[in-house]
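**Q** Have a look at this one before I ask anything.
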Amino acid sequence: MLHLHNTLTRTKEPFETLKDGHVGLYVCGITVYDVCHVGHGRVMIVYDVLFRHLQSMGLAVNYVRNITDVDDKIIKRAAENNVSPEALSQRFIDEMHADERALNVLPPTHEPRATQTIKGMVNMITRLIDSEHAYAADNGDVFYSVSSFAEYGKLSGRKLDELRSGERVAIDEHKRDPMDFVLWKSAKPGEPSWESPWGQGRPGWHIECSAMSMELLGEEFDIHGGGMDLEFPHHENEIAQSEALTGGRFARYWMHNGLVRIKDEKMSKSLNNFLTIKEVLKDYTGEEVRTFILGSHYRSPLNYMSESLDSARAVLRRFYTALRDYAIDTESDSAPLSQVYVDRFTAAMNDDLNTPEALAVMHELAGALNKSTDSLAGQELANTLRHLGRHLGILEQDADTILKAAGKGVSSESQLSNEAIDALIEERQRARANKDFKRSDEIRDQLVELGIVLEDTGGITTWRRN
RNA sequence: GGCUGAGUGGCAGAGUGGCCAUGCACCGGAUUGCAAAUCCGUUUACCUCGGUUCGACUCCGGGCUCAGCCUCCA
């Protein structure tokens with residue numbers, strides 16, 4: 001039985017779907033005004049693993065992750081680059097998809113864009129005004145009235161009067177209450193805008209998620225996820241809008257992943273301390289990044305350190321080394337698996353997606369595989385390791401290829417071709433046969449200099465790149 | 001100031017009221033011509049002060065420190 005930590009209750013709760021066999025999952029995606037950084041990568045990977053896990057439970061998952069393609073920063077950035085906002089956002093959507101492919105992230109079922117859901121938002125705002133949860137100011141802005149929603153603050157545990165006293169933003173004169181937030185912004189000349197009952201304008205940020213989730217998942221759905229920094233005010237506001245409108249519940253389970261940090265500080269655009277996914281991919285493979293992210297629990301903060309990425313590399317090297325002598329069983333869906341490990345792995349995943357524990361199970365499995373002397377039992381363990389890896393979106397590559405692949409971040413001109421390496425190994429074998437260990441060791445040392453490690457096992461010499 | 005959450009061995013990182021996390025690193029051993037990989041073994045821990053308990057790193061309370069949010073942010 002899957003348990004998920006629900007931010008609404010601050011406890012782990014048994015996960016029960018609203019509709020038998022189906023899950024509606026909504027995740028707040030990215031505002032496409034720049035390339036993605038590692039923090040975005042964590043969101044992609046964490047909810048991708050949730051997606052995979054729910055599917056593995058036999059559930060039909062409708063996974064919706066939105067794209068915010070209209071916003072102040074997009075407009076500003078587009079103007080700076082002398083391109084249209086549409087062209088700018090399309091460019092970064094393409095970049096984002098490339099990052100996801102590199103990280104082996106499955107495409108969500110739907111990726112709605114804010115600009116394609118304007119009608120739904122206008123409709124929703126109209127109904128909010130009709131029911132007096134929102135009001136139009138004389139400048140064309142429309143605001144949500146937080147005091148009209150008695151449960152405001154239930155997600156983040158805040159109370160309106162506490163928030164007001166801590167208010168540190170200049171109060172917008174058009175607002176009736178400083179905590180009211182904008183649903184619709186009147187457009188300035190030259191900005192992208194849409195017609196509305198309140199004049200030309202564009203949507204505020206929060207309303208888009210309510211509109212898109214409602215359109216694709218219905219008024220009430222199972223899981224809503226996103227980064228912890230979205231808990232307040234964004235998700236709080238989503239609840240206020242949606243539940244005021246429907247009178248019922250919005251999302252049943254709220255999940256928030258921890259933030260990626262650098263030197264104990266949040267990685268973010270505004271602090272300018274971020275590393276883009278593309279930068280990291282220069283030095284590490286997508287699989288290594290994935291393993292690094294899954295090495296800590298999704299709700300914990302995660303410090304970005306090259307040592308941790310190196311550690312992820314070592315983890316994969318250990319797994320692939322164990323798998324090296326076993327073919328990938330292409331019919332692994334039907335191949336027998338070692339149930340003990342599958343059960344322990346599943347139990348870890350069912351405990352609020354405890355991926356570090358799941359990886360620990362895989363390490364013990366790899367140890368058993370290394371110890372196995374029986375090839376049939378070994379194949380079963382290898383199949384199991386592959387199977388569990390796939391569950392996490394890793395260990396899908398050919399082991400020998402991975403181990404021989406040139407390490408990322410190593411300059412290519414210092415690389416020896418595989419043929420040249422094989423030739424040197426042959427020469428070394430002849431030397432060893434003649435007990436010319438001096439020459440034999442020379443060759444090995446020479447290869448070590450180039451990052452190539454030889455392994456003499458069972459009379460056969462294999463090699464890998466370090 | 002308010003609201004969340006966190007503090008585990010050299011590093012990373014799970015977890016539990018009394019017994020092994022796991023990986024990397026280190027040390028010893030097996031194996032090897034020497035290595036590598038692998039296996040076996042050892043060592044190192046639970047921020048602090050109180051309380052509950054036969055017994056707490058684990059539960060409760062105070063304190064300290066750190067992070068996130070309260071402005072855009074995944």
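**Q** Hey, could you grab the Kirkwood Rh for chain A? Inverse mean 1/r over distinct alpha carbon pairs, Å, one decimal.
**A** Values: mean 1/r = 0.0401 Å⁻¹.
Every distinct Cα pair counted, the radius reaches 25.0 Å.
**Q** Which angle between 0 and 90 degrees, to the nearest 10, do you get for helix A:118-130 versus the longest principal axis of chain A when only C-alpha atoms count?
**A** For helix A:118-130, the angle is close to 40 degrees.
**Q** Can you pull out the GluC sites (Glu not before Pro) in segment A:3-99 whose DSSP state is coil and whose Cβ has at most 15 other Cβ atoms within 10 Å?
**A** Answer in residue order: A:16.
**Q** Over segment A:1-149, what is the relative contact order in percent, taking alpha-carbon pairs closer than 8 angstrom and at least six residues apart? Display every interim value, and only then the final one.
**A** Details: 165 pairs, mean separation 32.0, N = 149.
About 21 percent, as a whole number.
**Q** A further question follows. Determine the per residue accessible area of segment A:245-384 with all protein chains present and a 1.4 angstrom probe, expressed in square angstrom.
**A** On the way: 6380 Å² over 140 residues.
Here the per-residue accessible area is 46 Å².
**Q** Using a 1.4 angstrom probe, figure out how much accessible area segment A:412-465 has per residue, in square angstrom, rounded to the nearest whole.
**A** So segment A:412-465 comes to 63 Å² accessible per residue, rounded to a whole number.
**Q** Let me ask another. Along the three principal axes, how long is segment A:395-466 when you take its alpha carbons, biggest first, rounded to the nearest angstrom?
**A** 39, 27, 16
**Q** Over 22 Å between Cα atoms: which of A:404/A:435; A:278/A:408; A:73/A:188; A:76/A:159 fall into that group? Kindly include the intermediate steps, with their values, before the conclusion.
**A** Working: A:404/A:435 27 Å; A:278/A:408 12 Å; A:73/A:188 14 Å; A:76/A:159 34 Å.
In this structure, A:404/A:435; A:76/A:159 exceed 22 Å between Cα atoms.
**Q** Could you size up the charge dipole of segment A:272-312 around its Cα centre, putting +1 on the beta carbon of Lys and Arg and -1 on that of Asp and Glu, and report it in debye to the nearest 20? Display every interim value, and only then the final one.
**A** Working: 4 positive and 6 negative charges, 44 e Å.
The dipole magnitude comes to about 220 debye.
**Q** For chain A, take the longest principal axis of its alpha carbons; what is the angle in degrees between that and the long axis of helix A:418-433, to the nearest 10 within 0 to 90?
**A** Tilt of helix A:418-433: around 30 degrees.
**Q** Could you state the angle between the C-alpha long axis of helix A:375-392 and the longest principal axis of the C-alpha atoms of chain A, as a value from 0 to 90 degrees rounded to the nearest 10?
**A** That works out to roughly 20 degrees.
**Q** Quick check: pseudo-label points 7 Å beyond the Cα along Cα→Cβ at residue A:173 and residue A:150, how many nm apart are they?
**A** 3.6
**Q** Would you kindly find the accessible area of residue A:19, with a 1.4 Å probe and non-protein molecules such as ligands, DNA and RNA excluded, rounding to the nearest 10 Å²?
**A** 130
**Q** Let me ask something additional. Can you pull the Kirkwood radius for segment A:184-270, inverse mean 1/r over Cα pairs, to one decimal in Å?
**A** Values: mean 1/r = 0.0668 Å⁻¹.
Here the Kirkwood hydrodynamic radius works out to 15.0 Å.
**Q** Contact order normalised by length for chain A, with contacts defined as Cα pairs under 8 Å and 6 or more residues apart; what percent is it? Can you show the working numbers first?
**A** Working: 686 pairs, mean separation 72.4, N = 466.
In percent, rounded to a whole number, it is 16.
**Q** Still on this structure, I have one more. Note down the relative contact order for segment A:282-404 as a percent, whole number, built from C-alpha pairs under 8 angstrom at least six residues apart. Walk me through the numbers before you get to the answer.
**A** Numbers: 112 pairs, mean separation 40.1, N = 123.
After rounding, I find 33 percent.
**Q** Another question, if that's okay. Carbon and sulfur atoms: what percent of the 1.4 Å accessible area of chain A do they account for? Can you show the working numbers first?
**A** Working: 10470 of 21440 Å².
Here it works out to 49 percent.
**Q** For the charge dipole of chain A, defined by +1 on Lys and Arg C-beta atoms and -1 on Asp and Glu C-beta atoms about the Cα centroid, which residue among A:253, A:294, A:160 has the Cα displaced farthest towards the positive pole?
**A** A:294
**Q** Still on this structure, I have one more. For residue A:282, list the aspartates and glutamates whose Cα falls under 14 Å from its own Cα; do not include residues on the same chain fewer than 8 positions away.
**A** A:99, A:310
The values are calculated or read from the model by the stated rules, or taken from the named source; none is laboratory data. Note that the structure is a prediction, hence the values are computed from the model and not measured. Don't worry about glycine lacking a Cβ; one is built from the backbone with ideal geometry, like all the others, and counts go over all protein chains shown. Heavy atoms of the whole protein, side chains included, go into the accessibility calculation; ligands, DNA and RNA do not. Shrake-Rupley method; radii C 1.70, N 1.55, O 1.52, S 1.80 Å.
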